[in-house]
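The values are calculated or read from the model by the stated rules, or taken from the named source; none is laboratory data. Since we're looking at a predicted model, the values are computed, not measured. With ideal geometry, Cβ positions are generated from the backbone for all residues, glycine too; neighbour counts draw on all protein chains shown. When the accessible area is computed, the model is the full protein with side chains, heavy atoms only, and any ligands, DNA or RNA have been set aside. Shrake-Rupley method; radii C 1.70, N 1.55, O 1.52, S 1.80 Å.
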Number of protein chains: 2
Amino acid sequence: MKNIELEPFEKEREIRNVFEEKTSKEEKLPAWKETKVIGKKIPRVDGYELVSGTAKYSSDINLPGMLYAKILRSPHPHTEIIDIDSSKAEALPGVKGVLCYKNAPKIKWWSDKSFLFDRTVRYVGDEVAAILAENKHIAEDALKLIEVTYKPLPYLLDPEEAMKPEAPKIWPEGNLMLFRGEPVRSYSRGDVEKGFAEADIILERKYTSQVALHCPMETHSDVANWDGDYLTLWESSQGVFWTQEQVAQKLNIPVNKIRIICPYLGGAFGSKWELNKQSIIAALFAKETGRPVKIIATRQENMVAYEHRPSSIQYIKAGVKKDGTLAVLKLKYISPIGAYPWLYAGSGDEVRYLYRCNNVETDEYIVYTNVGRAGAMRAPGCPEESFALEQMMDELAEKLNMDPLELRLKNDTKLYQRSGKPYAGKGLTECMEQGAKLFGWENRKKPGASRGRKKKGIGMACGQWGDGGRPPATTIVKINYDGTVNLITGASDLGTGTRTVMSMIVAEELSVPIETIEITNADTETTCHTIYSGGSVTVASVGPSVRLAAYDAKKKLLALAAYEMKVDKKDVDINGGIIFQKSNPDNKFTIKEIASKAIDRVIVGVGKRKPNDYDFQDNIFCCHFVELAADSVTGEIKLLRYVAAHDSARVLNRFTYDNQIHGGIGMGIGYALSEERIMDKATGKMLNVNLLDYKIASQIDMPEKITTYAAEIPYPRNNISVKGLGEPPTIPPAATIANALYNALGIRFFSLPLTPDKVIQALKKRK
Amino acid sequence: MKNIELEPFEKEREIRNVFEEKTSKEEKLPAWKETKVIGKKIPRVDGYELVSGTAKYSSDINLPGMLYAKILRSPHPHTEIIDIDSSKAEALPGVKGVLCYKNAPKIKWWSDKSFLFDRTVRYVGDEVAAILAENKHIAEDALKLIEVTYKPLPYLLDPEEAMKPEAPKIWPEGNLMLFRGEPVRSYSRGDVEKGFAEADIILERKYTSQVALHCPMETHSDVANWDGDYLTLWESSQGVFWTQEQVAQKLNIPVNKIRIICPYLGGAFGSKWELNKQSIIAALFAKETGRPVKIIATRQENMVAYEHRPSSIQYIKAGVKKDGTLAVLKLKYISPIGAYPWLYAGSGDEVRYLYRCNNVETDEYIVYTNVGRAGAMRAPGCPEESFALEQMMDELAEKLNMDPLELRLKNDTKLYQRSGKPYAGKGLTECMEQGAKLFGWENRKKPGASRGRKKKGIGMACGQWGDGGRPPATTIVKINYDGTVNLITGASDLGTGTRTVMSMIVAEELSVPIETIEITNADTETTCHTIYSGGSVTVASVGPSVRLAAYDAKKKLLALAAYEMKVDKKDVDINGGIIFQKSNPDNKFTIKEIASKAIDRVIVGVGKRKPNDYDFQDNIFCCHFVELAADSVTGEIKLLRYVAAHDSARVLNRFTYDNQIHGGIGMGIGYALSEERIMDKATGKMLNVNLLDYKIASQIDMPEKITTYAAEIPYPRNNISVKGLGEPPTIPPAATIANALYNALGIRFFSLPLTPDKVIQALKKRK
């Protein structure tokens, strides 16, 4: 068995794991028995702030004397810059500065061959120059006064075109991103030739998926301010410590001279994980002028010049034995990531690990084209791969004359095929079985059996994601002398409810009312080094450290209480905020009464997430079901009901749990039915740069009913028995809908999105 | 032996000491052998910020939409308020609010019988109302439009008048502040009657001292801002956690809803320790309007309506035996503290504890008068008491025909007479002997022996202060993955160099360049609960916790290094920033190389100040010497040279050590020679409310030469062997100068300040 090249973050973890605290394991905490807070429907602790507009996002930060920066972006998809004349712009009253290749520091960006400002720009929207002015209107006017002499170069939009030997080269090494010098990243286990030989049925299909754009409510936002050599940056960031690290590297200054702040975040979905140029442009301008600088990407910039989910072309060849045993899976994956390298490009792990299969081979080709750079977007690689694999599973089942659910159940595995070790807790079978039950899967009709104008159909699909959480995550819980509590965590709350569930963990462990907890988060100055909120790792990385911190504080509180009550430590307990003597429950005190005696005026608990005691991540699984009606006249698809069963171990908050799943399904629906970046081949420009023409799902597109099911399989690898839930819900929707559409119409669709025109054309073609 | 009633902070400590960590003592750290940083002349780490104006003081905070508050103050020394009509003020464009007794919440202030705004006001300057406006000019204009109907009441300015039974009462209980219901606070040990019977020489004298005003560079400054129910207050505060506690109490909100910030402070000297009304006025206005509110006391307000050193009338009767043994000391101390109670009013401990004396009695009367409230000012009670006691010592010596130095040496004691236990390290004898040697005391001439117009004379005096530091003080030291270091402490830096010496402790313990350390201090959100910077406790309270934190971080760093180097922990050490294998020094790494391997990306050291393992504070001592020339024509006193010998254990930084002593002497000189609040008896108003007429010492008043001597007696009661140095230098100057003036002129002065007019009148009187 040959392992795929480790993902960068795993390499990092592998390096780290051997040091320091490998041997010192996390304290084993007793499992919660009957919970009072955890698992309940607890409203957001910051609900008022969020809906009233009092929550301060990065874009809400206004400082006295603040200046505004704007970026001039390339109008050409590939061009050399012969000259930039900014004299007219600089002469405009209120303009405070210009940055371009002529005066900007040579800061490497995205690749060793590209800098903050280059003389060659590689897509429509690429950074050409930046303007600083007294307000954003002057900055916008000044942009138009910058005179740039361009020398346009040949450009490439289509990945398969770009892969041709005769194609013009975007980079000297060619148009394929290199993995350790190789133009393809290959993985294999077993022997695919043997697999095909053993297979009774073999299918080969091509699937394509579109580019999907990030449309968070809050676009990329920064405010930079220097106090001497100390930079404070309010940035809409998924991980303030990770942003701090990247800023330190880009500006080549010590990390202890940088403060990143982001307690509130208006959505991220992976797009606010890597540092973008605007952060450093703001910092450079602020340093130069000694004044605070704000920069906010417009909606258009956010759509054109920032991360997106890349499109894909997937060739899957699969073989299955008569009894339904999956014999072989072969994937060729082609994905264009735009003009600049992206380390995390490639397929997800669906083909490689979702089902038991002894013979697997995957080859991934990552192609440069002259469009904006791709980046992480909610389960990178997975929804598109699920769209391919899960339709293939359905087709194989049909050929076998087997129920698609049965085929999947048959090929479920208890082993994590990457490490060969058993999963610690896997609930995929439970998800499939219980989801099917809730949904009424047994009433499934034959494909194309639906009559009338609106053809109904049902479909299902599964998905998998990692991982099980990891360091760094250090949390502080303070019990103040007045009995109130502070929870201090470095974690960003992307809008998912992190602040709420972390507060719940403290409330549960300390047995205090959640209202008495003040949470401080995502500020490198006030909180401890914590992993970014990305990859669905937050709850499983940070949550255990929060419980440890609360537990530590509680231990100290009870020790102080025992001293105060002159009784043995073991004879003291806490319940409902009351500390009492177990053998004499009338001997009792409030938390405040005890905490007020603390010699330091505060009891401080610290919780540090220790490395997991296993080599690789565990996975998270899910299984979705949908019933839809396809209008055979308009081609419109209406989702009727949806069941989402998730194997994410313990549910911390029934509200935020449902929020995550509903949101993920919504995002998956937009991806399945309507979202698509449309490029103009003649100019290299994006045509639908707005939220009318680029259609994300809204309330009206949601299924009439969504039922969630949680397979709460105990998960022993962290002290609160949780797995992540951020990404998984967005993985199966496209495949689920495509399978249901096949069930409704008897027509298979191999290309996303499933827009009305495609449906109508397919229906016409069949006629 | 009867102990004086415990000071409030000692009561507090007594309560706390018995809890929690009484039994867990501080880790014993190895003593520093050869120091590389500690004890050297290290410039201020924030020197650039301080002199360039880039350091942000509370008064420098400007927030968008900020409003400005101003206080209307009473023009009468004692008056009832019949009515307040603010309608004209409120009608002025730009006025945003008014607060007065009619609408302000009933927040108790200074006493149980007084509130934030009262219907009776008790001194010229007392708070009558407050205005909020768009800017301070509008606020000032609006103040004049508030129409107040007063009904003036009889008032008292003179404390001895106020003590008369027939005097009008400022408070229902009378004009003497009550100590546990008693109008006098009495202390005695031994038997004073027996003492007088045994004495061979008995002297009885009356001494008076004036009111001295706080004149810090930065006046009281606040900016209040609410985020929902969370208050951030930038306040010029000596102790952010102590301010937080007071704000919580006044506003009756949880401490975890309050953030106090004060990394820089433009001088405090005791005046920024208690919460003043302006902080709460700003907070109330900010809450009401939802906008930030700034309030800055003008210089005049700072002089009239905030803390000051109260005047005193001291009667000392002392007896001494022929051999110089001090037989008896009796003190009657009368001090007016203005119109409101002050818990810490009273004499210092000079008479009670400076010299060995078996028979001591002190009676303290604290009197209300209709002036602003007194408060802490650099060694409260001590300079005035030193002025009395140390002149008495000189007079006794003269009667005994003994050298004043010899009399003091004879009566030095190794016991702390409050507890009866020996001092842990006392250097008063060394200070006296070495100071005298440096000064050339043996050349002292007889009093009045100087000839010519400018009469030269020398004098000396001693002083004592407490204490030895105490919790709470928790410090964090972080070693980041790039090798840089963060030092996080709750301590305020009053301008004394706290940030610098704390950084030095880290640099010494970690062996890192001081430039790599970033310090965060005095912010309740970013730092750990720490004692206020007052009472000279900072270095002895916080310093040990800083060393513990650095030591803890170092231990963890070296453990990680040993793991990395695959060698035994004991075989690893650090020197000059290089971590090496002791048995093979070529096997070495930089701190960065090791720190980058930390699993949490950061190595965190925590240091907690534990309670001292003794009942009471130790004391700090000093002995000053001066030579002066008194101009017999103009009466002016010119200080020629000064020797200040201090028993403050280890010197951390030769620069800041000298800064503290020079500054303390300067303050003592102003107090001795020129500072005096002058009240108009006819109106109850202060006449010299400005820095021209109220003359503090400036560079021109300083001695031509100041020599400092440090008696660096090892002090085992904390891990860095330090005592405080903030207050002591300001204690003996007035007494030292008075004794030198006697030596110059042969005339004794019993009343401070020693202004030219007094000198001339005394010379005339003698003629």
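Here is a list: A:ILE170, A:ILE131. Which entry is in contact (Cβ under 8 Å) with a residue 60 or more places away in the chain, in contact with a strand residue (DSSP E or B) (Cβ under 6 Å, 6 or more places away or on another chain) and either open to solvent by 40 Å² or more (accessible area, probe 1.4 Å) or assigned to a loop (DSSP other than H, G, I, E, B) (or both)?
A:ILE170
Would you mind stating whether A:GLY635 is open to solvent by less than 40 Å² (accessible area, probe 1.4 Å), away from chain B (no Cβ under 12 Å), over 30 Å from A:GLY420 (Cβ atoms) and in contact with a Ser or Thr (Cβ under 9 Å, 6 or more places away or on another chain)?
Answer is yes for this residue.
Regarding A:ALA104, is this residue part of a loop (DSSP other than H, G, I, E, B), in contact with a Leu (Cβ under 9 Å, 6 or more places away or on another chain), of a type in the set (Gly, Ala, Ser) and under 18 Å from A:ILE281 (Cα atoms)? Show your work before the answer.
On the way: part of a loop (DSSP other than H, G, I, E, B): yes; in contact with a Leu (Cβ under 9 Å, 6 or more places away or on another chain): yes; of a type in the set (Gly, Ala, Ser): yes; under 18 Å from A:ILE281 (Cα atoms): yes.
When the stated conditions are applied, A:ALA104 passes them.
Which is open to solvent by 10 Å² or more (accessible area, probe 1.4 Å) and in contact (Cβ under 8 Å) with a residue 12 or more places away in the chain, of B:SER503, B:SER536?
Unique residue meeting the criteria: B:SER536.
Condition test on B:GLY670, is it under 15 Å from B:THR755 (Cα atoms) and either part of a loop (DSSP other than H, G, I, E, B) or open to solvent by less than 10 Å² (accessible area, probe 1.4 Å) (or both)? Give the steps one after another, and end with the answer.
Numbers: under 15 Å from B:THR755 (Cα atoms): yes; either part of a loop (DSSP other than H, G, I, E, B) or open to solvent by less than 10 Å² (accessible area, probe 1.4 Å) (or both): yes.
It is true that B:GLY670 is under 15 Å from B:THR755 (Cα atoms) and either part of a loop (DSSP other than H, G, I, E, B) or open to solvent by less than 10 Å² (accessible area, probe 1.4 Å) (or both).
Name every residue in segment B:582-608 that is free of Cβ contacts under 8 Å to residues at least 24 places away in the same chain, assigned to a strand (DSSP E or B) and farther than 19 Å from B:SER511 by Cα, in order of residue number.
Within segment B:582-608, B:ASN584 is the sole residue that qualifies.
So which residues in segment B:744-757 are assigned to a helix (DSSP H, G or I) and either polar (S, T, N, Q) or surrounded by fewer than 16 Cβ atoms within 10 Å (Cβ to Cβ) (or both), if there are any at all?
Result: B:ASP757, single match.
Name every residue in segment B:548-573 that is buried (at least 24 other Cβ atoms within 10 Å of the Cβ) and either under 28 Å from B:ASP618 (Cα atoms) or away from chain A (no Cβ under 14 Å) (or both), in order of residue number.
B:LEU548, B:ALA549, B:ALA550
For A:LEU640, all conditions in the list (1) surrounded by fewer than 19 Cβ atoms within 10 Å (Cβ to Cβ); (2) in contact with a Lys or Arg (Cβ under 6 Å, 6 or more places away or on another chain) hold save one; what is the number of the exception?
(2)
Please verify whether segment A:305-319 includes one or more residues that are in contact with an Asp or Glu (Cβ under 6 Å, 6 or more places away or on another chain), in a strand (DSSP E or B) and surrounded by fewer than 23 Cβ atoms within 10 Å (Cβ to Cβ). Spell out the reasoning first.
Looking only at segment A:305-319, we keep the residues that are in contact with an Asp or Glu (Cβ under 6 Å, 6 or more places away or on another chain), and these are A:312, A:317.
Now drop any that are not in a strand (DSSP E or B), which leaves A:312, A:317.
Next, only the ones that are surrounded by fewer than 23 Cβ atoms within 10 Å (Cβ to Cβ) stay: A:317.
Among the residues of segment A:305-319, at least one is in contact with an Asp or Glu (Cβ under 6 Å, 6 or more places away or on another chain), in a strand (DSSP E or B) and surrounded by fewer than 23 Cβ atoms within 10 Å (Cβ to Cβ), which makes the answer yes.
I need the full set of residues from segment B:255-276 which are in a helix (DSSP H, G or I) and crowded, with 24+ Cβ neighbours inside 10 Å, in order please.
Hits for segment B:255-276 are B:VAL255, B:ASN256.
Can you pull out the residues in segment A:706-725 that are open to solvent by less than 20 Å² (accessible area, probe 1.4 Å) and under 23 Å from A:GLY381 (Cβ atoms)?
Of everything in segment A:706-725, those that are open to solvent by less than 20 Å² (accessible area, probe 1.4 Å) and under 23 Å from A:GLY381 (Cβ atoms) turn out to be A:LYS723, A:GLY724.
For segment B:134-167, name all the residues that are crowded, with 24+ Cβ neighbours inside 10 Å and touching a Leu at 6+ places or on another chain (Cβ under 8 Å).
B:ALA139, B:ALA142 - these are the residues of segment B:134-167 that are crowded, with 24+ Cβ neighbours inside 10 Å and touching a Leu at 6+ places or on another chain (Cβ under 8 Å).
For segment B:62-82, what are the residues that are in a strand (DSSP E or B), over 28 Å from B:MET679 (Cβ atoms) and open to solvent by 10 Å² or more (accessible area, probe 1.4 Å)?
Pass one, segment B:62-82, residues in a strand (DSSP E or B): B:67-73, B:79-82.
Then keep just the ones that are over 28 Å from B:MET679 (Cβ atoms); that gives B:67-68.
Listed by number, the list holds a single entry, B:TYR68.
Kindly indicate which of A:ILE579, A:ILE488, A:ILE574, A:ILE519 is free of Cβ contacts under 8 Å to residues at least 40 places away in the same chain, out of contact with any Gly (no Cβ under 9 Å at 6 or more places or on another chain) and not in a loop (DSSP other than H, G, I, E, B).
A:ILE579
If you take the residues in segment B:674-705 that are hydroxyl-bearing (Ser, Thr, Tyr) and surrounded by 13 or more Cβ atoms within 10 Å (Cβ to Cβ), which one is farthest from the chain's Cα centre (by Cα)?
Here the residue is B:THR683.
May I ask you to verify whether A:TYR709 is among the hydroxyl-bearing types (Ser, Thr, Tyr), more than 29 Å from A:THR79 (Cβ to Cβ) and in a loop (DSSP other than H, G, I, E, B)?
The answer is no for A:TYR709.
How do the pairs read when you match residues in segment A:747-766 that are within 12 Å of A:SER209 (Cα to Cα) with residues anywhere that are in a loop (DSSP other than H, G, I, E, B), using Cβ under 7 Å and keeping only pairs 6 or more apart or on different chains?
Note: pairs meeting the criteria are A:LEU752/A:GLN210; A:PRO753/A:GLN210; A:PRO753/A:SER674; A:PRO753/A:GLU675; A:PRO753/A:GLU676.
Can you pull out the residues in segment B:255-283 that are touching a strand residue (DSSP E or B) at 6+ places or on another chain (Cβ under 6 Å) and within 14 Å of chain A (Cβ to nearest Cβ)?
B:VAL255, B:ASN256, B:LYS257, B:ILE258, B:ARG259, B:ILE260, B:ILE261, B:PRO263
Are there any pairs with C-beta distances below 6 angstrom linking a residue in segment A:286-306 that is touching a residue at least 60 places away in the same chain (Cβ under 8 Å) to a residue that is open to solvent by 60 Å² or more (accessible area, probe 1.4 Å) and of a type outside the set (Gly, Ala, Ser), with the two at least 6 apart or on different chains, and if so which?
Correct list of pairs: A:THR289/A:LYS96.
Just give me the residues in segment B:593-621 being within 14 Å of chain A (Cβ to nearest Cβ), under 27 Å from B:GLY543 (Cβ atoms) and open to solvent by 40 Å² or more (accessible area, probe 1.4 Å), in sequence order. Give the steps one after another, and end with the answer.
Pass one, segment B:593-621, residues within 14 Å of chain A (Cβ to nearest Cβ): B:593-613.
Right, trim to under 27 Å from B:GLY543 (Cβ atoms) and you get B:594-595, B:598, B:600, B:602-613.
Hits for segment B:593-621 are B:VAL604, B:VAL606, B:LYS608, B:ASP613.
Search segment A:227-254 for residues being hydroxyl-bearing (Ser, Thr, Tyr) and away from every other protein chain (no Cβ under 12 Å), and hand back the single one that is surrounded by the most Cβ atoms within 10 Å (Cβ to Cβ).
Among those that are hydroxyl-bearing (Ser, Thr, Tyr) and away from every other protein chain (no Cβ under 12 Å), it is A:SER237.
In segment A:387-400, is there at least one residue being within 14 Å of another protein chain (Cβ to nearest Cβ) and either surrounded by 23 or more Cβ atoms within 10 Å (Cβ to Cβ) or among the small types (Gly, Ala, Ser) (or both)? Before you say what the answer is, go through the steps one by one.
Restricting attention to segment A:387-400, the residues satisfying the condition of being within 14 Å of another protein chain (Cβ to nearest Cβ) are none.
No: zero hits.
Counting only residues that are touching a helix residue (DSSP H, G or I) at 6+ places or on another chain (Cβ under 6 Å) and in a loop (DSSP other than H, G, I, E, B), which one in segment A:344-371 is surrounded by the most Cβ atoms within 10 Å (Cβ to Cβ)?
Only one residue fits best here, namely A:THR369.
Out of the residues in segment B:508-533 that are away from chain A (no Cβ under 14 Å) and buried (at least 23 other Cβ atoms within 10 Å of the Cβ), state the one that is nearest to B:VAL651 (Cα to Cα).
B:GLU509
Out of the residues in segment B:446-478 meeting the condition of being in a strand (DSSP E or B) and within 10 Å of another protein chain (Cβ to nearest Cβ), tell me which one is surrounded by the most Cβ atoms within 10 Å (Cβ to Cβ). Even if it seems obvious, please write down each step before you answer.
Just the residues of segment B:446-478 that are in a strand (DSSP E or B), to begin with: B:454-466, B:473-478.
If we keep only those that are within 10 Å of another protein chain (Cβ to nearest Cβ) as well, we get B:473-474, B:476, B:478.
Numbers: B:ALA473: 28, B:THR474: 24, B:ILE476: 24, B:LYS478: 23.
Looking at the filtered set, the residue picked out is B:ALA473.
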